[in-house]
Structure formats: C-alpha cells, structure tokens
Amino acid sequence: QCDLQGLWRNELGSNMTISALDASGTFSGSYHTAVAATNKQILVSPLQGAQQHRSAKGRPTFGFTVQWQFADSMTVFVGQCFVNRHGKETLETTWLLREEVLSSRDAWKATR
C-alpha cells in the first residue's frame, strides 16, 4: 500500500513533506523546490491536497496545490502512487504552473 505521508524527493533535488491524511483524505505539507525561474531566494512553500479514497489495489491517485512564497504563481500537481516489487514507493505526477500576468491579453503565456 502506498502512503503519501512523509518526505519525498524528486530527481531534480526538490523536497516535499506531506503530513498525515485526515479521514476524508485531505493533507497539508510543504514543498521546497530546487528549480525555479527567478532570481529571488527560493523559500519553502505550503501545499494543500487530497488523496482519492484508498482502494484495495493500494495505488491511490492524489492532487495538491503549492502556493509559492517567492513568486507570483501557483502550481497544481496530480498523480498516482506506486509500489514496486521491492516495496519502494514512487509518485508519478503531472503539473501545471500559472503565473500572474498584467492583463487577459497575456493569459496565453501564463501557464506552463
């Protein structure tokens, strides 16, 4: 069974900590990115998310939002947790980042 709670690291060196999930599957935590398109100091940023109810298969889907503390942007992640035959847990995710732009005419370039 996958357990989202705890410390996670990705291949680029970013760290994410997820607190315990409550009965409804929601959780909070923090994200410290190792990669950012800014000259500002990178700060640990809060995250809020939810996991789909656990199934007997033990590979839950989840989603969370990171509110960046050093940039005018937010990122949403969706993914699924997997466990390999050796018991190692892995999160496979996809993300979208939306940055603030000055007008709706610039909205086309605001999402990565």
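See the values below:
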item	result
Surface share of carbon and sulfur [accessible, 1.4 angstrom probe, percent] for the chain	51
The stretch 27-49-the stretch 1-18 distance, computed between alpha-carbon centres (Å)	13
Relative contact order, percent, the chain [alpha-carbon distance under 8 Å, six or more residues apart]	17
Straight-distance crosslink candidates among lysines, where the alpha carbon sits under 17 Å from Lys57 and sequence neighbours closer than 8 are dropped	Lys88
For the chain, the longest site-free run once GluC sites (Glu not before Pro) in DSSP loop states with at most 11 other Cβ atoms within 10 Å are removed	12-99
Accessible area per residue, Å², the stretch 6-109 with all protein chains present, probe 1.4 Å	68
Those lysines that a straight Cα-Cα span of less than 22 Å connects to Lys40, excepting residues fewer than 8 apart in one chain	Lys109
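The values are calculated or read from the model by the stated rules, or taken from the named source; none is laboratory data. Model, not experiment: these values are computed from the prediction. We place every Cβ from the backbone using ideal geometry, glycine too, and count neighbours over all the protein chains shown. Areas reflect the complete protein model, heavy atoms only, side chains present, ligands, DNA and RNA absent. Shrake-Rupley method; radii C 1.70, N 1.55, O 1.52, S 1.80 Å.
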